[in-house]
Amino acid sequence: MRSAEVLANGFGRIGEDLRAALDGADDALLTRRPDPDANTLAWLAWHTARVQDAQVAPLAGVAEVWTAQGWSERFGLPFDDAATGYGQSPDEVGQVRASAELLLGYLEATTAQTLAYLERLADDDLDVVVDEDWDPPVTLGVRLISVLADDLQHAGQASYLRGVLDRTR
């Protein structure tokens, strides 16, 4: 198995986890919080896709699907197109309102673009330095693992949150 195939398997798991977390979720469930400062299912799903899109697209040398495929307009969020959710306030988190179908559609489009990029990679490509602002400099392989780990953490948070919300209706 090539390294890119291992990465592709990992990126494919994100959608599986989020589909399960959003299964049957209506707008009320998608935006419900266990406390006023908590993230919502909608925000977690959106942020997961945005992080992947915003970080992998430049590595692949392509435009983000968020803007190139019109997802920004479909969501109609009150944020700059460059926003990924990083550092957003609880009020901003609450502004992410979208159907499960829309959230999963954006994630699927982002994942498709990521998987297409991974198909083009050879194992040696993962050693290329993509960010010299760190010590040690960040290689492509390390950056992709970082994005994958972040996305899997957020998908896990969404799964946990869904369980909490289902038990506290």
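Here region 92-123 is scanned for amide nitrogen atoms under 19 Å from the site 7 Å beyond the Cα of Ala63 along Cα-to-Cβ, giving 106-117.
Is the C-alpha gyration tensor of region 49-139 telling us rounded, prolate or oblate? Criteria: a/c under 1.5 is rounded; beyond that, a/b larger than b/c is prolate, otherwise oblate. Note, shape of region 49-139 comes out oblate. Rg and Dmax of the chain, both derived from C-alpha coordinates alone, stand at 16.2, 50 Å.
So which trypsin sites (Lys or Arg not before Pro) in region 1-48 end up in coil per DSSP with only 15 or fewer other C-beta atoms within 10 Å? Listed in order of number, the matching sites are Arg2.
Rule-based calculations on the coordinates, nothing more; no lab input. Remember, it's a predicted structure, so these values are computed and weren't measured experimentally. Cβ: placed from backbone, ideal geometry, glycine included. Neighbour counts: every protein chain shown.
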